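Asker: The structure follows.
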Amino acid sequence: MLEINDVFETVRMIENENLDIRTITMGISLLDCCDSDIDKACNKVYEKIVRKAENLVKTGEDIEREYGIPIINKRVSVTPISMILAASGGDPLKYAKTLERAVNTIGVNFLGGYSALVQKGFAAGDEALIRSIPEALDITDHICSSVNIGSTKTGINMDAVKLMGEIVKQSAEVTAYKDCIGPAKLVVFCNAPEDNPFMAGAFHGAGEPDCVINVGVSGPGVVRSAISRIPDANITEIAEMVKRTAFKITRVGQLVANEASRRLDVPFGIVDLSLAPTPAVGDSVAYILEEMGLEQCGAHGTTACLALLNDAVKKGGVMASSSVGGLSGAFIPVSEDAGMINAARSGCLKIEKLEAMTAVCSVGLDMIVIPGDTTPAVISAIIADEAAIGMVNSKTTAVRVIPAVGKNVGDELEFGGLLGSGPVMPINTKSPEKFISRGGRIPAPLQSLKN
Amino acid sequence: MRAVITVVGKDKVGICAKTSTLCAEHNVNISAVSQNIFDDLFCMVMLVETDGLDIPFGDFADILAKEGRDMGLDIHAMHEDIFNAMHKI
């Protein structure tokens, strides 16, 4: 028989501490949809996504009701569309519209994969797809885009870095009439994982199986609450508590992943061990750091606390899952985290501190609102800095900044839903124009020579 | 399958009766019950067998939750596996 305390602990985690499964993401390969005729390719893409994922939302809801655990998002990731475009040529926006139509048929929250992998250079289809991103993110509501511009193995493609600065800026401008939502759905990666279930950066890598179920867990509220119950513990004890909590959270993720995989008859891929915050109070990664003993997130000590948290989450989670992947770590998206928003508003959390934090957490500069007059070159330089951290440390880093067109420091941008809202944060405006305009490639670092 | 029903709320007459009646009405067999009162707070955990359930499990969970709200109680019905996954290796 189960222990009564264990039963109530589980119920408390779900009811009071926002424990949930953040996403069940079905990865679908579109490689067999390639066709030299773009209209035929679009038909195949639509047909395959709908055929594979038609029961995804219902299955997620069934599991949710049976197990009593909320499953917030049901999503789809697909093969980077640039690869399909390489075969067909033509107008990439046809694919964007096709994907949106498929999303509306199957009812998922988001679809990721309007993507290109250009860490070493542009292949056929890559540049055309990237240049279409601003319009694609404007004419669709549920499509997410990502571009990988660097990796530890290849170095950083500075031509792509330059281009992406311009694309992020353009994307904000064309969606200025809807609070610059475009760049909130666009991630620029270094070392992008090919099995990541989280948006906006999810895509289905070319080495993945035909169809796969990946699950992203969450639970910052549970971790914070566990730490708050040991107020006088030393740091070793806190690390142990985070590990134990992460284990429990991940076991639930693995259970849901197995069940979804069985019911949909699709192989299980990975569980992504992530602490993903939401704007709901009590579901914040920043508040975990503050619970460890910081007056506010952004204070000196933040990077150390985050390093401990990130590591303990992995150590606890890795034993709880048969296969771990994706981003796996703590997320620090500013506009999606109530504690980060407060810290950014008060000026305690600055972009330089966030950059340092990205060296020890799972992703990068995420959901940061920057002044609308920021030049493309500055955005490119932010991307280059972040990619350099990822490249040298053999980790994923990413940039998702949102230039708030017509707004300046002190103003706020409101996206609503999981994307939240955020204050415009000040950034260094000295020009990196010459550096960015040089183009070329930052060679792969010594760390890449492991053979 | 086996499920766990948890009931938490201010103690009053008829909590056990109401919950057990709902189980009986929907052909759910109660295998074990553990119950305690802490500071006037009634806490009960029931392990039940739902193979004979006459409606989908999700609907049954919704009925329990609604009856619970009407009596000022928190009632949850969840698949047993979620507790086993979290607390047993």
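The values are calculated or read from the model by the stated rules, or taken from the named source; none is laboratory data. Here the structure is a predicted model, which is why all the values come from computation and not from measurement. A quick note on method: Cβ atoms are made from the backbone with ideal geometry, for glycine too, and the neighbour counts reach across all protein chains shown.
Asker: So which residues in the stretch B:44-67 are surrounded by 18 or more Cβ atoms within 10 Å (Cβ to Cβ) and within 12 Å of another protein chain (Cβ to nearest Cβ)?
Answerer: Result: B:Met44, B:Val45, B:Met46, B:Leu47, B:Thr50, B:Leu53, B:Phe57, B:Phe60, B:Ala61, B:Leu64.
Asker: Does A:Ala312 satisfy the condition of being surrounded by fewer than 17 Cβ atoms within 10 Å (Cβ to Cβ) and touching a helix residue (DSSP H, G or I) at 6+ places or on another chain (Cβ under 6 Å)?
Answerer: no
Residue-by-condition table, conditions (1) more than 30 Å from A:Ile24 (Cα to Cα); (2) in contact with a strand residue (DSSP E or B) (Cβ under 9 Å, 6 or more places away or on another chain); (3) in a loop (DSSP other than H, G, I, E, B); (4) at pLDDT 95 or above:
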site	(1), (2), (3), (4)
A:Ala280	no, no, yes, no
A:Gly293	yes, no, yes, yes
A:Ala299	yes, no, yes, yes
A:Cys305	no, no, no, yes
A:Gly317	no, yes, no, no
A:Ser322	no, yes, yes, no
A:Gly326	no, yes, yes, no
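Asker: Quick one: which helices (runs of 4 or more DSSP H) lie wholly within the stretch A:7-112 and hold at least 3 residues that are within 14 Å of another protein chain (Cβ to nearest Cβ) and surrounded by fewer than 22 Cβ atoms within 10 Å (Cβ to Cβ)?
Answerer: A:56-67
Asker: Please pick out the residue among A:Ile72, A:Ile84, A:Ile63, A:Ile28 that is touching a Cys at 6+ places or on another chain (Cβ under 6 Å), outside the structural domain of A:Arg262 (by TED's automatic domain parsing) and in contact (Cβ under 8 Å) with a residue 60 or more places away in the chain.
Answerer: Working: A:Ile72 fails: touching a Cys at 6+ places or on another chain (Cβ under 6 Å); A:Ile84 fails: in contact (Cβ under 8 Å) with a residue 60 or more places away in the chain; A:Ile63 fails: touching a Cys at 6+ places or on another chain (Cβ under 6 Å).
Testing whether each residue is touching a Cys at 6+ places or on another chain (Cβ under 6 Å), outside the structural domain of A:Arg262 (by TED's automatic domain parsing) and in contact (Cβ under 8 Å) with a residue 60 or more places away in the chain leaves just A:Ile28.
To keep it simple, each residue is scored yes or no on (1) more than 19 Å from the chain's Cα centre (by Cα); (2) under 18 Å from A:Ala206 (Cα atoms); (3) hydrophobic (A, V, I, L, M, F, W, C).
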| site | (1), (2), (3) |
| --- | --- |
| A:Ile81 | no, yes, yes |
| A:Gly89 | yes, no, no |
| A:Gly113 | no, yes, no |
| A:Lys120 | yes, yes, no |
| A:Asp126 | yes, yes, no |
| A:Ser146 | no, yes, no |
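Asker: Could you go through the stretch A:246-258 and let me know if any residue there is aromatic (Phe, Trp, Tyr) and either more than 14 Å from chain B (Cβ to nearest Cβ) or without any contact (Cβ under 8 Å) to a residue 12 or more places away in the chain (or both).
Answerer: Of the residues in the stretch A:246-258, the ones aromatic (Phe, Trp, Tyr) are A:247.
Now drop any that are not either more than 14 Å from chain B (Cβ to nearest Cβ) or without any contact (Cβ under 8 Å) to a residue 12 or more places away in the chain (or both), which leaves none.
No, the stretch A:246-258 contains no residue that is aromatic (Phe, Trp, Tyr) and either more than 14 Å from chain B (Cβ to nearest Cβ) or without any contact (Cβ under 8 Å) to a residue 12 or more places away in the chain (or both).
Asker: Next question, about the same structure. Given the stretch A:370-425, what strands (runs of 3 or more DSSP E) lie entirely inside it while holding 1 or more residues that are closer than 19 Å to A:Asn157 by Cα?
Answerer: Result: A:397-404.
Asker: Follow-up. Answer with yes or no whether A:Ala184 is within 13 Å of the chain's Cα centre (by Cα), buried (at least 24 other Cβ atoms within 10 Å of the Cβ) and in a helix (DSSP H, G or I).
Answerer: The answer is yes for A:Ala184.
Asker: Then there is this: Regarding the stretch A:72-86, can at least one residue be identified that is within 17 Å of A:Val271 (Cβ to Cβ) and in contact with a Phe, Trp or Tyr (Cβ under 6 Å, 6 or more places away or on another chain)?
Answerer: Checking the stretch A:72-86: at least one residue is within 17 Å of A:Val271 (Cβ to Cβ) and in contact with a Phe, Trp or Tyr (Cβ under 6 Å, 6 or more places away or on another chain).
Asker: Filter the stretch B:4-36 for residues that are farther than 17 Å from B:Gly68 by Cα and within 12 Å of chain A (Cβ to nearest Cβ) and give the result.
Answerer: Within the stretch B:4-36, B:Ser31, B:Ala32, B:Val33, B:Ser34, B:Asn36 qualify.
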